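Data block below; observations after.
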Amino acid sequence: MSDKEALFSKKNIGLLTNPLNSDNPITVQVLGICSALAVTAQLKPAIVMAISVTAVLAFANVIISLLRNTIPNRIRIIVQLVVIAALVILVDQVLKAFVYDVSKQLSVFVGLIITNCILMGRLEAFALGNKPWPSLLDGIGNGAGYGMILVIIGFFRELLGSGSLFGYKLIPESWYIANGGFYSNNGMMILPPMALITVGVIIWVQRSKNRKLIED
Amino acid sequence: MDRNSNVYTFIYASVMVILVAAILSFAAFNLKPYQAKNVEIEKKQNILASVNIAATAADAEQIYSEKIVNSYIVNAKGETLEGDAFTVDLKKERAKKVEDRQLPVFECNIDGGIKYILPLYGAGLWGPIWGYISVESDMNTIYGATFDHQGETPGLGAEIATKAFQEQFKGKTIFDEDGKFYSIVVAKSNETAPAEHKVDAISGGTITSKGLQTMVEDDLGAYKAFFNQKN
């Protein structure tokens, strides 16, 4: 067992933390944009989506990694899809049973986790060639990187678009123009285009901080 | 065994599919009661919303059992039928001819007066729309209304689910002065209709608005005999 790597070696920690910054699935790999636009009008569904994707990604990575030496090469994509689809249906069923209102809000987007490019991308690029433990870390890391961006977008969209966070009003009622004030919610923030612009701003901020990401 | 042989691939795929199917059906079977409960609670919330009671998922059941004092099924002739009004599947009923339909009625006690709650089910632009309308005991004046939809366009057709749109129905009447059934007109700005039968349509949501008008007309129309009998 002497050649065994420590559980939290530098390389393994990197698997967990790189996706948060220099290898972020949304802002650097530009995967999973579709769902990032769709579920971020409010903070709560954004967080539930982040948790769901992280759970599905981590489990799918581990399962595929465990099976990696048995999967017939010709049907490996199908096997990956079946594993993802089964996990997503499980998540959907659990949400419907225990957090019904959130499940209604996420509606079809839970089902669309299946087509989230981050999942297939990580399974094909990482889990098929690595052991279960690093695959688990990679799954959690990428899920967290995806979730982090979702939460940031959800925060700004709900705050500026609805004047609330987690459904609690933060902007005093008396500020609104309707009540004789000066303030009005920005309706654009509710719509998907502003989410894309928010993603753009995040990418801009990230690249100005992290010069390595700038391509020539 | 050769991982690339046809036999291996075939067996692998078969075993995988059977395993996954078993796991999923086990999960679906065990979570079913919880899911059914959620759907039931939501329905109760909707019914209560039509008599202007805002119930949360936690207290809907309790308020429902206090406020909804009676429920039954009638047919288009106004005769009472056997069965549980709560479990009537409106989608199936709508496919039948009007005279064969089971029409649920819920009676709600508000401050001693009875309001009659009637379910609606119709078609919007992209998918089904549904709702509940409550009428006063004069069987003419609308006491409250609530609508919901599956996938109408946000900001346009989906506005039927907003309070502002639904508030318009309060106090409108569904019979004209001669006692003839008039229903409610969801009117665009160029349409004229008596003010007591008219609500404003949603700008940009014409097809949903008109679908809603048809739904109200068809589904309340089926209760004509019931209304006349009670009056």
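The values are calculated or read from the model by the stated rules, or taken from the named source; none is laboratory data. As the structure is a computational prediction, the values presented were derived from the model and not from experiment. So basically every Cβ, Gly included, is an ideal-geometry build from the backbone, and we count neighbours across all protein chains shown. For accessibility, only protein heavy atoms count, side chains too; no ligands or nucleic acids. Shrake-Rupley method; radii C 1.70, N 1.55, O 1.52, S 1.80 Å.
Taking 0.36 nm per residue of sequence separation and subtracting the Cα-Cα distance, how much length would be gained by fully extending the chain between B:Glu99 and B:Val20, in nm to one decimal?
23.8 nm
Dipole of the protein assembly as shown, Cα-centred, from +1 at each Lys and Arg C-beta and -1 at each Asp and Glu C-beta, to the nearest 20 debye?
1760
Dipole of the protein assembly as shown (Lys/Arg Cβ +1, Asp/Glu Cβ -1, origin at the Cα centre): which of B:Tyr223, B:Ile142, A:Phe109 lies farthest to the positive side?
Checked the options; the winner is A:Phe109.
Stretched out fully, how many nm does the piece from B:Ala164 to B:Ala27 gain, at 0.36 nm a residue minus the Cα gap?
Taking B:Ala164 through B:Ala27 to full extension adds about 45.3 nm, to one decimal.
The range A:77-121 to the range A:1-76: how many Å between their Cα centroids?
Going from one Cα centre to the other spans 15 Å.
Across the range A:75-216, what fraction of all alpha-carbon pairs, as a whole percent, falls in each successive 10 Å bin from zero upward?
Calculated P(r), rounded to whole percents: 10, 26, 32, 22, 8, 3, 0.
Heavy-atom accessible area of B:Cys108 with all protein chains present, probe 1.4 Å, nearest 10 Å²?
0
Pull out the extension gain between A:Glu173 and A:Ala125, defined as 0.36 nm times the separation in residues minus the alpha carbon to alpha carbon distance; nm, one decimal.
Result for the pair: 12.3 nm of gain on full extension.
Can you tell me which of A:Arg74, A:Arg157, A:Arg122 moves the most in a GNM of chain A? Springs connect C-alpha atoms under 10 Å apart.
Judging by the Gaussian network model, the answer is A:Arg74.
Which residue, B:Ser71, B:Ser50, B:Ser189, has the most motion in a Gaussian network model of chain B that connects Cα atoms within less than 10 Å?
B:Ser189
When chain B is treated as a GNM, springs tying every alpha-carbon pair under 10 Å, which of B:Leu24, B:Leu81, B:Leu48 comes out with the largest mean-square fluctuation?
Looking only at B:Leu24, B:Leu81, B:Leu48, the largest GNM fluctuation is found for B:Leu24.
Given 37 °C and 0.692 mPa s, how large is the Stokes-Einstein diffusion coefficient of the protein assembly as shown in µm²/s, with Rh as the Kirkwood radius over Cα pairs?
129
For the residue pair A:Leu213 and B:Tyr72, what label-to-label distance in nm results when each label sits 7 Å from Cα along the Cα-to-beta-carbon direction?
So the label points at A:Leu213 and B:Tyr72 sit 6.8 nm apart.
Can you tell me the Rg and Dmax of the range B:47-230, counting just the alpha carbons, in angstroms?
Final numbers for Rg and Dmax: 15.7, 45 Å.
Estimate the FRET efficiency between A:Ile197 and B:Asp178 by the formula 1/(1 + (r/R0)^6), using the beta-carbon distance for r and 60 Å for R0, to the nearest 0.05.
The computed FRET efficiency comes out at 0.55.
Report, as an integer, the average count of C-beta atoms from other chains found within 10 Å of each Cβ along A:96-104.
Average neighbour count from other chains, rounded to a whole number: 4.
Packing-wise, with mean Cβ within 10 Å as the measure, how do B:6-15, A:198-207 rank, highest first?
Taking the mean over residues of other Cβ atoms within 10 Å, the ranking is A:198-207, B:6-15.
State to the nearest 20 debye the size of the charge dipole of the range B:125-213 about its Cα centre, where the only charges are +1 on K and R beta carbons and -1 on D and E beta carbons.
The calculation lands at about 220 debye.
For B:Trp126 and B:Asp84, what is the calculated FRET efficiency with R₀ set at 30 Å and r taken between the beta-carbons, to the nearest 0.05?
About 0.45, to the nearest 0.05.
Taking the dipole about the Cα centre of the protein assembly as shown, with the C-beta of Lys and Arg at +1 and of Asp and Glu at -1, give me whichever of B:Asn70, A:Ile177, B:Tyr132 is farthest to the positive side.
Of the listed residues, the answer is A:Ile177.
Can you give the FRET efficiency for B:Glu40 and B:Gln229, using 1/(1 + (r/R0)^6), R0 = 35 Å, r = Cβ-Cβ distance, to the nearest 0.05?
Plugging the Cβ-Cβ distance into 1/(1 + (r/R0)^6) gives 0.75.
Could you order the peptides B:94-106, A:170-182 from most to least packed, using the average number of other C-beta atoms within 10 Å per residue?
B:94-106, A:170-182
Using the charge dipole of the range B:47-230 (Lys, Arg: +1 at Cβ; Asp, Glu: -1 at Cβ; taken about the Cα centre), state which of B:Tyr121, B:Gln168, B:Asn109 has its Cα farthest towards the positive end.
B:Tyr121
Taking a spot 7 Å from the Cα of B:Glu61 along the direction of its beta carbon, which residues of the range B:23-48 have an amide N less than 14 Å from it?
It comes to B:33-45, nothing else.
Let me confirm the definition first: pairs of Lys residues in the range B:131-210, 8 or more apart or on different chains, C-alpha distance under 18 Å. How many are there?
Number of lysine pairs found: 11.
Between A:Phe109 and B:Asn4, how many nm apart are label points set 7 Å from Cα along the C-beta direction?
Those two pseudo-labels are separated by 4.3 nm.
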